[in-house]
1. Could you tell me whether E441 is open to solvent by 50 Å² or more (accessible area, probe 1.4 Å) and closer than 28 Å to T390 by Cβ?
2. Quick one: what pairs do we get from the range 136-149, first residue at negative phi, second open to solvent by 30 Å² or more (accessible area, probe 1.4 Å), C-beta under 6 Å, 6+ apart or different chains?
3. In the range 222-272, what count of residues is obtained for those that are basic (K, R), open to solvent by 50 Å² or more (accessible area, probe 1.4 Å) and assigned to a helix (DSSP H, G or I)?
4. Taking the range 241-260, which residues are of a type in the set (A, V, I, L, M, F, W, C) and either in contact (Cβ under 8 Å) with a residue 40 or more places away in the chain or farther than 14 Å from N93 by Cα (or both)?
5. Filter the range 165-190 down to residues that are among the β-branched types (V, I, T) and in a helix (DSSP H, G or I) and give me whichever is surrounded by the fewest Cβ atoms within 10 Å (Cβ to Cβ).
6. Have a look at G435, G333, G428 and point out the one that is open to solvent by less than 40 Å² (accessible area, probe 1.4 Å) and over 30 Å from L227 (Cα atoms).
7. Could you check the range 1-93 for helices (runs of 4 or more DSSP H) lying wholly inside it with 1 or more residues that are modelled with pLDDT of 95 or more, closer than 20 Å to V270 by Cβ and touching a strand residue (DSSP E or B) at 6+ places or on another chain (Cβ under 7 Å)?
8. Name the residues in the range 60-71 that are in contact (Cβ under 8 Å) with a residue 24 or more places away in the chain, crowded, with 22+ Cβ neighbours inside 10 Å and of a type outside the set (G, A, S), would you?
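The values are calculated or read from the model by the stated rules, or taken from the named source; none is laboratory data. All of these numbers come straight from a predicted model, not from anything done at the bench. When we count neighbours, we look across all protein chains shown, and the Cβ atoms used for this are built from the backbone with ideal geometry, even at glycine. Ligands, DNA and RNA are stripped out before the accessible areas are found, and what is left, the full protein with its side chains, is counted by its heavy atoms. Shrake-Rupley method; radii C 1.70, N 1.55, O 1.52, S 1.80 Å.
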Amino acid sequence: MTQGRIPLIEALQRHIDQKPLSFHVPGHKGGQVWMDGHAGDFQKLLAYDQTEISGLDDFHSPEGCIQEAQRLLIDLYQTRKSYFLVNGSTVGNLAMILSICEEGDLIFVQRNCHKSVLNACKLAKVTPVFLEPEYDASFKVASGVSLDTVEQAYKEYDSVKAIVLTYPNYYGMATAIEQVIKVAQKNGSFVLVDEAHGPHFVLGEPFPNSSLQWGADLVVHSAHKMLPAMTMGSFLHVNSSRVPLEKLEFYLQALQSSSPSYPIMASLDVARAFLKGFSHEDVAFTLEVKAILAERLQGKGLEILLPDDPLKLLLRKQGYTGYELQNHLESAGIYSELSDASQVLCTFPLLKAGSSDYIELAKWKIDGLILHEKQSVSEVVDYRSPVKKTSMLMISYKEQEKLPRMWIPLAEAVGEIAAETVIPYPPGIPLLITGERIAVEQIAALTQLLEQQVHIQGGQQLNERQIAVYRTSQV
């Protein structure tokens with residue numbers, strides 16, 4: 001197949017070149033209806049914001065340029081079938097769990113998953129068993145689940161329909177999952193992988209292997225996170241004949257917009273072509289630029305940590321919390337991916353050899369960064385779940401719908417059953433899950449996050465230091 005082609009861009013450009021008269025949606029008519037003098041070049045983008053008219057195919061039943069673009073995607077990743085997603089990896093996680101699982105199915109879920117995985121479990125009304133990830137003391141974050149944990153879980157539970165893994169984690173840590181996948185499939189489970197941060201792993205060394213190479217059944221990629229695709233642009237890959245395509249495609253249609261974004265789809269086609277054309281020389285250039293910028297950051301007194309994914313980099317500064325360091329970076333016009341109590345996470349781009357705009361901008365911004373020396377901050381309280389490697393909800397999703405809840409002070413919540421999910425965002429990984437018993441470690445971590453004014457999703461009355469729990473008299 002001709003991977004150098006970009007079918008969606010070609011079809012859109014042919015349409016625009018005709019100078020068509022629009023008697024169809026959207027209402028801006030290809031940018032012809034607009035407020036003159038406003039929003040600068042944004043109006044030019046609107047010419048590509050088309051709808052499903054002749055020559056531009058049908059997103060939910062593709063036969064033309066969209067189908068061709070998705071075939072090229074299949075060829076690149078060597079899958080049974082691959083799909084463009086215009087509602088982000090969130091919709092991919094929802095669709096893969098809903099298409100595989102039935103109400104009441106027992107499934108294993110990596111505890112440090114994205115909130116969309118939990119939402120999918122709730123919608124599917126499955127019975128999740130949460131697998132505790134290992135804690136990496138050097139990076140001060142949870143990584144992936146160990147082989148020992150998975151093997152023990154399969155000894156404890158029978159008839160496990162699926163295992164849902166997150167690989168790599170948000171920080172670019174890619175724990176070995178080849179054996180985990182083999183154990184899961186040996187026990188008859190589907191393997192579903194939220195590989196949002198690994199669409200570039202197909203490039204091979206020095207990047208980690210993709211879970212597709214290890215035989216995962218369904219894999220989700222956030223093209224917009226690591227490739228040059230627009231926000232909300234993602235891929236969903238079917239990697240085995242066991243996956244029910246008809247059911248999967250039903251959920252993709254049901255959960256995604258019937259008015260899909262052509263700019264997002266076109267950017268996914270571009271991202272695929274960009275990745276296919278990315279050479280060893282380009283990889284070497286990307287790593288060279290990263291090394292140059294890392295050295296410059298070290299010159300500002302920053303400590304550099306390097307996870308498994310070469311496109312990720314962690315910054316620390318003695319005397320600064322991660323949140324304080326992020327604020328100082330932003331004051332210099334440097335915007336990072338996220339911060340936590342200890343550090344700041346930076347995500348680097350894939351750069352074509354010889355491109356200079358990004359590196360010149362980066363040098364200029366780093367040179368303007370001023371960080372004063374400070375005394376060490378108090379020791380960070382790292383959140384670690386209770387020692388038990390597997391845990392279940394104390395109240396099923398179905399039962400949760402019937403129970404009243406009440407708000408109590410955080411200090412009194414240990415041992416109660418949570419009636420709301422609390423998610424520091426980013427990275428969108430739940431600290432507390434509705435239906436689970438609240439542990440002292442969770443309250444300690446949550447109290448610290450509130451003191452540091454970290455943005456939290458969920459927890460309607462956390463500002464008053466209260467949390468929702470189910471009435472214990474009815475549990």
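1. Spelling it out, E441 is indeed open to solvent by 50 Å² or more (accessible area, probe 1.4 Å) and closer than 28 Å to T390 by Cβ.
2. Partner pairs satisfying both residue conditions: A142/Y135; S143/E134; S143/D136; S143/T175; G144/T175; S146/E134; L147/Q179; T149/K389.
3. Total meeting the criteria: 2.
4. Result: V243, L245, L248, F250, L252, L255.
5. It comes out as V183.
6. Result of the check over G435, G333, G428: G435.
7. Filter on the range 1-93 gives 65-77.
8. Residues satisfying the conditions are C65, I66.
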